[in-house]
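The values are calculated or read from the model by the stated rules, or taken from the named source; none is laboratory data. Because the structure is predicted, anything quoted here is derived from the model rather than measured. For neighbour counting, all protein chains shown are included, and Cβ atoms are generated from backbone atoms with ideal geometry for every residue, glycine included.
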Amino acid sequence: MSTQLVIFDIAGTTLLDNNHVATALQSAFSQFHLTISLEVANRVMGYPKPVAISMLLQSQFKQHHEASDPVVQSIHARFLDEMTRFYQTSPELQEKDEATKLFIFLRNQGIKVWLDTGFDRLTTNLIIHRLQWQSHLDGSVTSDEVNQGRPFPDLIYRAMELSHISDAKVVAKVGDTPADLQEGTGAGCGFVIGVTTGATPPSQLATFPHTHLVETLWEIPPILGLTEN
């Protein structure tokens with residue numbers, strides 16, 4: 001069964017991320033006199049950011065707060081400030097593995113290309129416009145646009161709905177975190193592809209359900225049965 005839709009994560013998968021997101025999360029916590037390491041911050045990459053903050057408050061500080069609680073929202077607001085500043089101005093912002101070229105290649109094969117992410121819509125749009133991806137994507141869906149973000153499959157189901165695709169077996173999910181792999185597996189995707197050069201150490205990523213692990217995005221076309229001319 002031929003793949004009709006590929007859904008890529010953003011940071012760490014199609015966007016080069018040298019701990020930029022984890023550092024922003026660390027900085028947001030520090031503004032409330034809460035200290036977390038980059039290693040700890042990276043453990044919650046892939047989740048909707050309010051959920052990630054709630055998880056860290058529980059695991060590191062034994063504070064139980066729902067994602068909608070004021071303290072979580074306050075830390076999240078600082079995180080968004082950090083990310084907006086970085087994505088608006090940093091010269092370090094760049095795609096991974098010629099992602100744009102891959103998007104074009106897949107779409108030329110008749111495959112729809114979507115992004116899904118733990119970011120909110122405003123942050124996602126900022127990234128897409130800064131990297132000039134607008135004309136190379138069929139769409140994107142963000143964690144604030146569904147009831148439950150990753151690791152739940154809602155983001156994938158939303159992309160499928162908007163792409164008029166009903167069978168998840170013709171969908172490939174690509175991401176660099178355990179939450180990405182859990183999301184793709186939960187949705188029943190035909191391919192669940194982990195990228196080992198992102199936020200999660202390869203040995204850890206390999207322990208989560210997947211169909212394939214890759215180091216670079218250009219290992220994906222052969223997995224899908226595609227060859228470059």
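At-a-glance table
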| item | result |
| --- | --- |
| Some residue of segment 26-34 being surrounded by 18 or more Cβ atoms within 10 Å (Cβ to Cβ) and of a type outside the set (F, W, Y) | yes |
| Subset of segment 73-109 (residues that are among the polar types (S, T, N, Q) and under 17 Å from the mean Cα position of the chain (by Cα)) | T84, Q94, T100 |
| Residue check, V44 in a loop (DSSP other than H, G, I, E, B) and of a type in the set (V, I, T) | yes |
| Set V72, V113: member being touching a residue at least 12 places away in the same chain (Cβ under 8 Å), farther than 16 Å from Q132 by Cα and crowded, with 19+ Cβ neighbours inside 10 Å | V72 |
| Candidate set: segment 205-229, residues that are surrounded by fewer than 21 Cβ atoms within 10 Å (Cβ to Cβ) and either in contact with a His (Cβ under 7 Å, 6 or more places away or on another chain) or touching a residue at least 60 places away in the same chain (Cβ under 8 Å) (or both); chosen: the one nearest to I156 (Cα to Cα) | L224 |
| Count of residues meeting criterion [touching a His at 6+ places or on another chain (Cβ under 9 Å) and surrounded by fewer than 19 Cβ atoms within 10 Å (Cβ to Cβ)] in segment 150-187 | 1 |
| Odd one out for V146, checked against (1) β-branched (V, I, T); (2) closer than 20 Å to R107 by Cα; (3) in contact with a Lys or Arg (Cβ under 6 Å, 6 or more places away or on another chain) | (2) |
| Breaking point among (1) β-branched (V, I, T); (2) out of contact with any strand residue (DSSP E or B) (no Cβ under 9 Å at 6 or more places or on another chain); (3) buried (at least 23 other Cβ atoms within 10 Å of the Cβ), for T14 | (2) |
| F61 outside the structural domain of L131 (by TED's automatic domain parsing), more than 22 Å from the chain's Cα centre (by Cα), closer than 26 Å to A28 by Cα and aromatic (F, W, Y) | yes |
| Qualifying residue in segment 10-31 (condition: in contact with a helix residue (DSSP H, G or I) (Cβ under 7 Å, 6 or more places away or on another chain) and more than 24 Å from G198 (Cβ to Cβ)) | yes |
| Any hit, segment 189-204, residues being touching a Phe, Trp or Tyr at 6+ places or on another chain (Cβ under 6 Å), in contact (Cβ under 8 Å) with a residue 40 or more places away in the chain and surrounded by 24 or more Cβ atoms within 10 Å (Cβ to Cβ) | no |
